[in-house]
Every structure is written in C-alpha cells, then in structure tokens.
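Every number in this text was worked out from the coordinates using simple rules, so none of it is lab data. A quick note: this is a predicted structure, and the numbers were derived from the prediction, not measured. Here Cβ is always computed from backbone atoms with ideal geometry, including for glycine, and neighbour counts include all displayed protein chains.
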Amino acid sequence: MNETGQWQIPEEPKQLLGAQAYTSPEWFAAEQKTLFARSWIFAGVISDLANPGDFTTAQAGPYPLTAVRGRDGELRGFHNICRHRGTEILEGAGNMGSALVCPYHEWTYDLAGNLRAIPDQADCFPELDRDALGLHGAGLAVFKDMVFLHPEPKADFQAWLGGVEDIAWPHDISTLVETRDVTYEMNCNWKVFYENAIDGYHLKYLHRKTFGGPAPTGNDWVPKGDHLVWYYTEDGRKSAIAKTVADRIKSDNRPTIAGAEAADYGGVYMMFPTTIALPNPYNFSVSQLLPLGPEKTLIRSRVWGIPGSKGRVNQNIEASERARDPRTGHVKIELLDCHPLETRDHQLEDMWICEKMQRALHSPKYSVGALAKGGGGEATMEIFQEIVRRMVQLDEPG
Ligand code: FES
Ligand SMILES: [Fe+2]
C-alpha cells in the first residue's frame, strides 16, 4: 500500500495464505464472522426492486438480509429475521404485497419494518409493545443500479467503493433486458475461484480455446480500494475486451449497447469480496460468489443485454445447459457430457481448474513455487490475500 492508501502491485509477489485457509472449517467459520459479516454484499439490481413490496435477499456471513421497496418508494435494508423468535422471513426475491409476514406465527411488519400485527396478541402477548419490535435495520446502498446490503446500518459505502466509481462502466442496466440467470456449483473454496479470476497469467493457456490470450504483458489488473479492475492492454490502450474476442464478435455483427461501444473501461471488476461485474460493449453481467462451505461455492451469474442476446460474450452456453443438476438447476462440472476444455465456455474451464486446485490443496506435497510478476501476471494475488489476512481473525492461529 502507498501513502495514499492505494494498493501497489508488489514487485516480488508472494503467496501469503497456507493451504488450510482454503480447506479448513475453522478458516471458513472465521471468514463468515469477520470478513463476510463486515462486507457489502450484492443484493440484485434496481429493476428487481421497481415496485412497492418488491424484495430481494442476500446473506452476509451469518446475517440473512433483505432489501425492500416501501410504499413511499424508499428502498430499505433489513435483517431478514423475525423479532418474535428469529425465523428467517423472506426467501429469494419477489413481491410480498403490502406487508412482510413471518411464516411461523404470522407476525406482520409493514414495508418500513414496523411491527403492525401479532396474531392473538390480547391473549398471548397482552403487555407487549409492538413499537419496540420493528425489524432491525441493515445498510443499503446503490451503485450504478446495483443494490448492496451490509449488516451494519451505518457502514460506509463510499469508503468501500474506494474510487471504483471513477473508472466504472458506462452501461445503464435499466435500458437492458435480463437474458440469462444461471447458478454454477463448484467444489472449491471461494478464494480459489477469486484468485483464478484475478490471475492474468492463465488467460492465454487455460483459455487457449476460448479467449486465446492475452499474454501476461497484454493485460493488467488495477487496484482501486480493495477491488481489482481488469483491462486488456495489448492494443496500447486500456480496453474491456481482448482483441481475439473483439475480432470474433465483430465478424458476427453483434449489436452493441448504446453508450458502451468504446470499451475504454475495465472488462472485469472484482468488487471485494463476492461481486464480479463484467461489462463489455455487448452485454453486462454480474457474477456473485456464494460461499457455502470451505470447499463448496456457488456462483450465480446474471446477464443483461440487448433483447435476443444469449450468454456472456465468447461463451457457448449449450454444454452448461446440458450439465444442470435436475434437482437444483445448478451447473456442475461432473455433469458435463464432454471434457471442460471442449465446451468453448471459459466459465467451465475456470471451474474445472479450480476444482483441480482444490483437490491439490489437500496433498502434503502442495506448495506455491512462485507467482508470476506483474499486474497481468499473478501479483494481484498477494494484494487479495493481504486483504483477506487483515480481515480474518482466527480464534486460534492456524
Ligand atoms: S418467529 Fe416469526 S412469527 Fe414467530
Ligand atoms: Fe479464467
């Protein structure tokens, strides 16, 4: 970090976290309590919350949270737990009508979180003061039509943004339509996926058949606050999209999003810890990491684009559609009917490699020999690991 508090790309990058940080239940429990519980978590986009009664939900470590559009048009954040005996009230997203009703004993809150009705109150709770038992407030903030929640009502959103707003994408999500919503289930720690995502060194190799580049010198990750923003740099300027990909798309005359044609913004915004925004001239997507356990992570990927467009650019979605678990709808590597490297889907290539990394983390022979230098190499991993290490407080060192 320099004097202005900005992270610098380290000259000689080092692996800071040991294998147990990616595998142990103790680490995962500590992250839940001391990292995710203190983070801004993506909770949908403004169009999910257009009308009074619309709600979305999110999980910040141990805290179930909800964002609610009030009758007065205000958006509010609440802890999604009932003040009677604590049951989680809302699930997923939707419209709840004019009140939040707990499914257990039907305590009923208005859209501003006030407790309005208690069934059989005169008999069961004759003395209870309803005013004292409104929903607990949570932090809510909106950035470029993306809604974020935080367990702490007064958490500082601007400080968390850390300047990312100065280099944000030009897309206006409200003018686009949602074209895909898919959840992938991965047998890996959330940090294994995060580190793969900020690894500029693998693009040319693992993704030989999908991106086909760039080389480590042809891309760059730029730190902004605790976030990292990716640019393609091979053309001598910063761009959201690699030339190999841009050329391929140009040849099929895909329409571009008004205002987003220039591509002189980042192509990947890793918004620490769990939100990944992916803008480009053809669509906009958000991938959200949902850490379920030390070795199980969901990633939900929503895509917005011009009507008729399909998945993210350069992504062949057919293989993943055939690899959905019929029970959950989640896409899993073990359900693919061909090798991941034959799918032409970079997401599946990444998932495959992350699961291979996760298995290797258990080998007594596992170690990191060296990290590639440079912002387009693997140097950003040290920054990410330093942020994690600063936040996570283990009960016992481990
Ligand atoms: S726990 Fe919600 S009404 Fe009883
Ligand atoms: Fe990748």
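A few comments on the model shown:
- Using Cβ point charges alone (K and R +1, D and E -1), the dipole size of the stretch 302-398 about the Cα centre works out to roughly 140 debye.
- Extension gain for ARG389-THR108 works out to 97.0 nm (0.36 nm per residue, less the C-alpha to C-alpha distance).
- As a rough footprinting exposure proxy, the listed residues HIS136, HIS79 were ranked by other beta carbons within 10 Å of their own, and the order from fewest upward is HIS136, HIS79.
- The stretch 158-189 and the stretch 104-155 have their alpha-carbon centroids 28 Å apart.
- In this simple spin-label approximation, ALA262 and LYS154 carry label points 7 Å from Cα along the Cα→Cβ vector, and these lie 4.0 nm apart.
- Taking each residue as 0.36 nm, the span from VAL177 to ALA360 lengthens on full extension beyond its C-alpha to C-alpha distance by 61.8 nm.
- Label positions at GLU165 and ASP129, each projected 7 Å from the Cα along the C-beta direction, are separated by 3.8 nm.
- Extension gain, HIS339 to GLN6, is 115.8 nm, computed as 0.36 nm per intervening residue step minus the present C-alpha separation.
- Ranked for footprinting exposure by Cβ neighbours inside 10 Å, fewest first, THR23, THR297, THR4, THR87 give THR4, THR87, THR23, THR297.
- Qualifying trypsin sites (Lys or Arg not before Pro) for the stretch 163-265 [loop in DSSP, other Cβ within 10 Å: at most 14]: ARG208, LYS209, ARG237
- Förster-model FRET efficiency, 56 Å R0, ARG85 and SER251, C-beta, rounded to 0.05: 0.40
- Mean shadow area of the chain over all directions, Cα convex hull, nm²: 21.7
- Residues considered: GLN158, GLN315, GLN15. Largest GNM mean-square fluctuation over the chain, using C-alpha springs under 10 Å, is found at GLN158.
- Taking Cα centre as origin and charging only the Cβ of basic (Lys, Arg, +1) and acidic (Asp, Glu, -1) residues, the dipole magnitude of the stretch 1-61 rounds to 180 debye.
- Helix content alone sets the calculated 222 nm mean residue ellipticity of the chain: runs of n ≥ 4 DSSP H residues at -39500 (n - 2.57) each, divided across all residues, give -5000 deg cm²/dmol.
- Ranked list, fewest to most other Cβ atoms within 10 Å of each Cβ, for SER309, SER251, SER47: SER251, SER47, SER309
- Result for the chain in a Gaussian network model with C-alpha springs under 10 Å: among MET270, MET96, MET381, the largest mean-square fluctuation is at MET96.
- When you restrict to C-alpha pairs under 8 Å that are six or more residues apart and normalise by the size of the chain, the relative contact order lands at 21 percent.
- Taking chymotrypsin sites (Phe, Trp or Tyr not before Pro) in DSSP loop states with no more than 16 other Cβ atoms inside 10 Å as exposed sites, the chain has its longest site-free stretch at 206-365.
- Separation of the SER47 and LYS14 label points, Cα + 7 Å toward Cβ, nm: 4.8
- Trypsin sites (Lys or Arg not before Pro) within the stretch 20-85, DSSP loop, no more than 16 other Cβ atoms inside 10 Å: ARG71, ARG85
- The stretch 264-393 shape via C-alpha gyration tensor axes, a/c threshold 1.5: oblate
- Taking each of LYS209/LYS310; LYS33/LYS154; LYS14/LYS250; LYS144/LYS356 in turn, the alpha-carbon distance tops 29 angstrom for LYS14/LYS250; LYS144/LYS356.
- Summed side-chain charge close to SER239 - residues other than SER239 whose Cβ falls under 13 Å, Lys, Arg +1, Asp, Glu -1: -3
- Sequence-distant aspartates and glutamates (8 or more away, or on other chains) whose Cα lies within less than 17 Å of LYS204: GLU195, ASP220, GLU234, ASP235, ASP247, GLU342, ASP345, GLU349, ASP350, GLU378
- Isolated cysteines of the chain, defined as having no other cysteine beta carbon under 4.7 Å away, are CYS124, CYS338.
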